[in-house]
Structures are given as structure tokens and as C-alpha cells.
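As C-alpha cells, the structure follows; a few thoughts come after it.
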Amino acid sequence: MKLGIVGLPNVGKSTLFNAITSTKNAAAANYPFCTIDPNTGIVPVPDARLDKLAEIWDTNKKTPAIVEFVDIAGLVKGASHGEGLGNKFLGNIRECDAIVHVVRCFDGGDIVHVEGSVDPLRDIETIDTELILSDLEMVSNRQARFAKAAKTGDKKALAAANLLSELEQHLSDGKNARSFDWDENDDEQMALRRELGLLTAKPVIYAANMSEDDLMDGMEQNAYYQKVKELAAAEGAQCIPICAKTEEDIADYTPEEKREFLAEMGIEATGLDNLIKASYTLLGLISFLTDGKKECRAWTIRRGTKAPQAAGKIHSDFERGFIRASVVSYDDLAACDFSMANVKAKGLQRTEGKDYVVKDGDIIEFLFNV
Ligand SMILES: Nc1nc2c(ncn2[C@@H]2O[C@H](COP(=O)(O)OP(=O)(O)OP(=O)(O)O)[C@@H](O)[C@H]2O)c(=O)[nH]1
Ligand SMILES: [Mg+2]
């Protein structure tokens with residue numbers, strides 16, 4: 001499961017990637033198309049719950065959940081027709097499961113903007129249009145193929161052809177595939193949707209990239225950000241304010257140095273951790289926790305996963321021989337002052353069976369027998 005960092009050239013995608021991955025692996029410089037080949041990085045997901053458990057246990061090993069980010073080249077107008085290596089770059093996005101759309105929300109005259117001015121809504125539209133056009137081409141091709149197959153009386157092909165006709169119209173109207181009226185209960189439709197791998201069907205988060213000054217003055221005051229936030233809200237998407245440049249500068253600070261820096265700036269936290277957490281959620285992922293002196297660990301599962309399959313993440317024997325799970329939610333533990341005695345006294349330690357749907361922040365011990 002990975003997220004693609006997408007946007008116009010020179011808006012700060014590689015800078016953000018370097019900040020997220022705490023590396024300088026991606027070349028970030030003030031000229032468009034600095035990035036051509038995608039950079040890939042594995043990023044630990046910040047989790048205060050895991051930190052707290054590790055502290056309580058004075059654990060030997062703390063293992064966070066991870067998520068993968070891909071820094072993709074900038075898209076320009078005409079990308080869907082191959083402009084600026086467009087087809088290659090769109091292909092890189094197709095391989096991702098979700099999108100972080102970086103939008104330039106800082107002025108700064110010396111940083112080149114490919115369109116000559118700063119206008120986040122126009123920029124978002126430019127990118128969306130290219131993604132929609134690329135999807136449209138794919139949907140039209142597939143529609144024609146299904147329509148041909150339907151002529152032989154193939155009912156499935158006919159249903160697919162009709163669905164894709166509607167989708168084709170929807171995209172032609174300039175709307176993205178996310179907002180199409182999919183029938184989530186129709187397995188064949190969902191399978192077709194997955195198979196198509198449409199760019200605009202992928203979930204998206206907007207990252208509003210602001211200047212260092214905004215970080216100090218308060219990011220809410222940035223008018224560009226407010227516009228992006230409104231647009232995101234209308235789409236039901238999240239918009240996270242960040243200052244990629246500063247994040248990159250402080251990426252290799254120690255936690256103490258970071259705290260000092262934030263205190264000096266008069267802020268509590270930067271946007272980066274929020275962005276990583278939101279990205280993880282965007283992928284439909286949650287974490288359950290295991291704890292102990294030997295190791296405290298956050299395990300990644302898809303939302304909706306049942307206890308035996310969650311156990312299988314730890315070891316296939318756990319799933320095969322699953323008997324039951326002993327579960328305490330982190331929030332309950334916290335509410336009991338982190339005392340297991342209190343948790344038990346209040347009956348908050350639950351025994352769950354094979355149909356239990358694991359929740360984010362569950363601390364679990366599995367009982368199994370093989
Ligand atoms: N002032 C300011 N400059 C930034 C910020 N983020 C990025 N930049 C600068 O903008 C320029 C472009 O940044 P990159 O990260 O290379 O941009 P990109 O989106 O990866 O660009 P391409 O790979 O060419 O598509 C660099 O000179 C960065 O230092 C920011 O938050 N504030
Ligand atoms: Mg780049």
C-alpha cells in the first residue's frame with residue numbers, strides 16, 4: 001500500500017518527500033521537472049499510543065507501523081497527451097493506492113511557478129483535468145471493448161458497457177471518478193472499478209504547502225490555504241497545512257531539538273505527523289498494538305479485519321490455530337491510569353472470538369493452539 005505525492009512541477013513535492021522520509025534522497029531544487037524517476041521511501045507512522053506503551057514497559061524494541069510514499073514527477077497541462085513525459089508520470093501514479101496532492105500556497109517570487117503566478121485552485125484544476133482525461137481515455141477504450149463483447153449476447157459485458165458509458169459521461173463533465181455513483185454492494189462493479197485502477201478514483205489528501213513565515217504567523221491566516229481547505233471540504237477530502245521547507249530543515253533534528261525548535265516558533269506541532277497519520281487512514285489502514293518488555297509494536301491491518309486475520313499478521317500459526325483474543329482498548333487503559341489492575345476491576349479487558357472486528361488502538365493478546 002503506497003501513496004503517491006502528486007502536483008505541478010516545483011511546488012515542493014520532493015522537499016515534502018525528504019521531510020517525510022527524514023532523508024535528502026530526493027533531489028529538490030528550484031526548477032521544474034527536477035524529479036523524473038520516482039523516489040520511494042518507507043516512513044514510520046507516528047503513534048503516541050505506541051510511544052506510551054514502550055515507555056511503560058521500558059521495552060527493548062519499539063516497532064511502529066510503516067507506510068510507503070512515492071515522490072512523483074510534476075504533471076503539467078497536456079500530461080494526459082504525453083506532454084512533459086506525462087504518460088510515464090501518470091503511470092507512476094497508477095501504481096499508487098492513494099494520492100497526496102501538494103498544492104503551492106506560498107508566494108516567494110524566486111521560486112519558479114510553471115504557470116507564472118500562485119493560484120492553488122487553478123493548479124488543482126490543472127492536475128485534476130489531466131487525471132480525468134487520462135481516466136476518460138482508459139474508460140472509453142474499455143467501454144468500446146465491452147460494447148463489442150455485448151453484441152454476442154454476453155450479459156456481463158453489457159452491464160459493464162452500460163456502467164462505463166455512464167462513467168464516461170461523468171468524466172466528460174469534468175468530474176472525478178471518486179464522485180461517481182458507484183454501487184458498493186455490487187461485487188462485479190467493485191471488481192471492475194479495482195481493475196480499471198482509475199487515477200481519479202484513488203482517495204486523495206491535499207497538502208497545502210506554505211512558507212516558513214506562515215508557520216510562525218499561524219497557518220490559518222494563509223488565504224490560499226483557506227481556499228484549498230474549502231475545496232477539499234466540498235469534496236469530502238482532508239486538507240493538511242504544512243511547511244515542507246521547514247520540515248525538511250528540521251527532519252534530522254533529534255526529538256529534543258525538535259521540541260526546542262517548536263517552542264521557539266511558539267507552536268505545538270508541525271503538520272508533518274498529521275499528514276503521515278492522515279495518509280495511513282486514507283489508505284483504509286488502522287493499527288492494533290501488542291506490548292511487552294521484549295517488544296511493543298503497532299501492526300497494520302485494513303479497517304474491518306477480523307481477529308483471526310489480524311492474528312495472522314503476527315504469524316500464520318496464530319491465524320490457523322486462533323482460539324480467542326484478549327483485548328483492551330488503548331483509550332480504556334489510559335482512562336484507567338495505565339493500570340491493568342484497574343482495567344480488570346472495571347471489566348474492560350474483553351475476551352473476543354473469531355468474528356470480532358479489530359479496532360484501531362486495540363491492545364491484543366492472542367490465544368492460539370496448533
Ligand atoms: N519558500 C519555500 N520554498 C519551498 C517550499 N517548499 C519547496 N520550496 C522550494 O521550491 C523549490 C522546488 O521544490 P521541489 O521539492 O524540488 O519541488 P517538486 O514539486 O519536487 O518539483 P519537480 O520535481 O520539479 O516537479 C525548491 O527550491 C524548494 O526549496 C516552501 O514551503 N517554502
Ligand atoms: Mg521533485
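The values are calculated or read from the model by the stated rules, or taken from the named source; none is laboratory data. All values derive from a computational prediction rather than experimental measurement. So basically every Cβ, Gly included, is an ideal-geometry build from the backbone, and we count neighbours across all protein chains shown.
Overview of results
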read-out: Which listed residue, of V6, V67, is closer than 18 Å to I242 by Cβ and touching a His at 6+ places or on another chain (Cβ under 6 Å); value: V6
read-out: Count of residues meeting criterion [more than 16 Å from ligand 2 (Cβ to nearest atom) and surrounded by 20 or more Cβ atoms within 10 Å (Cβ to Cβ)] in the range 230-269; value: 6
read-out: Residues satisfying the stated conditions in the range 288-333, i.e. in a loop (DSSP other than H, G, I, E, B) and more than 27 Å from the chain's Cα centre (by Cα); value: G292, K293, K294, G321
read-out: Subset of the range 177-210 that is in a loop (DSSP other than H, G, I, E, B) and more than 18 Å from the chain's Cα centre (by Cα) - its residue that is surrounded by the most Cβ atoms within 10 Å (Cβ to Cβ); value: M210
read-out: The listed residue being in a loop (DSSP other than H, G, I, E, B) and away from ligand 2 (no atom under 12 Å from the Cβ), out of F33, F106; value: F106
read-out: Selection within the range 253-277 - away from ligand 1 (no atom under 16 Å from the Cβ) and assigned to a loop (DSSP other than H, G, I, E, B); value: Y253, T254, G266, E268, A269
read-out: Contacts under 8 angstrom Cβ, first residue in the range 205-220 being more than 19 Å from A237 (Cα to Cα), partner more than 16 Å from ligand 2 (Cβ to nearest atom) and of a type in the set (D, E), 6 or more apart; value: S211/D107
read-out: Positions within the range 27-44 being surrounded by 14 or more Cβ atoms within 10 Å (Cβ to Cβ) and within 7 Å of ligand 1 (Cβ to nearest atom), in sequence order; value: A28, P32, F33, C34, T35
read-out: Residue that is farthest from ligand 2 (Cβ to nearest atom), among those in the range 4-14 that are within 17 Å of D123 (Cα to Cα) and more than 14 Å from the chain's Cα centre (by Cα); value: L8
read-out: Qualifying residue in the range 72-89 (condition: in a helix (DSSP H, G or I), crowded, with 21+ Cβ neighbours inside 10 Å, within 25 Å of the chain's Cα centre (by Cα) and not polar (S, T, N, Q)); value: yes
read-out: Looking only at the range 45-71, and only at residues there that are among the charged types (D, E, K, R) and in a helix (DSSP H, G or I), the one that is surrounded by the most Cβ atoms within 10 Å (Cβ to Cβ); value: R49
read-out: Yes/no for L171 being at pLDDT 95 or above, in contact with a helix residue (DSSP H, G or I) (Cβ under 7 Å, 6 or more places away or on another chain), part of a helix (DSSP H, G or I) and away from ligand 1 (no atom under 16 Å from the Cβ); value: yes
read-out: Residue within the range 257-274 that is out of contact with any helix residue (DSSP H, G or I) (no Cβ under 8 Å at 6 or more places or on another chain), touching a residue at least 60 places away in the same chain (Cβ under 8 Å) and farther than 30 Å from K306 by Cβ present; value: no
read-out: Residue, farthest from ligand 2 (Cβ to nearest atom), within the range 15-26, restricted to residues that are buried (at least 17 other Cβ atoms within 10 Å of the Cβ) and farther than 17 Å from C96 by Cβ; value: S22
read-out: Residues within the range 40-60 that are touching a helix residue (DSSP H, G or I) at 6+ places or on another chain (Cβ under 6 Å) and either in contact (Cβ under 8 Å) with a residue 60 or more places away in the chain or within 9 Å of ligand 2 (Cβ to nearest atom) (or both), tallied; value: 4
read-out: Of all residues making up the range 355-370, the number that are at pLDDT 95 or above and over 18 Å from E295 (Cα atoms); value: 6
read-out: Residue that is modelled with the lowest pLDDT [pool: residues in the range 47-73 that are within 16 Å of ligand 1 (Cβ to nearest atom) and aliphatic (A, V, I, L, M)]; value: A73
read-out: Condition met for Y280 (buried (at least 22 other Cβ atoms within 10 Å of the Cβ) and in a helix (DSSP H, G or I)); value: yes
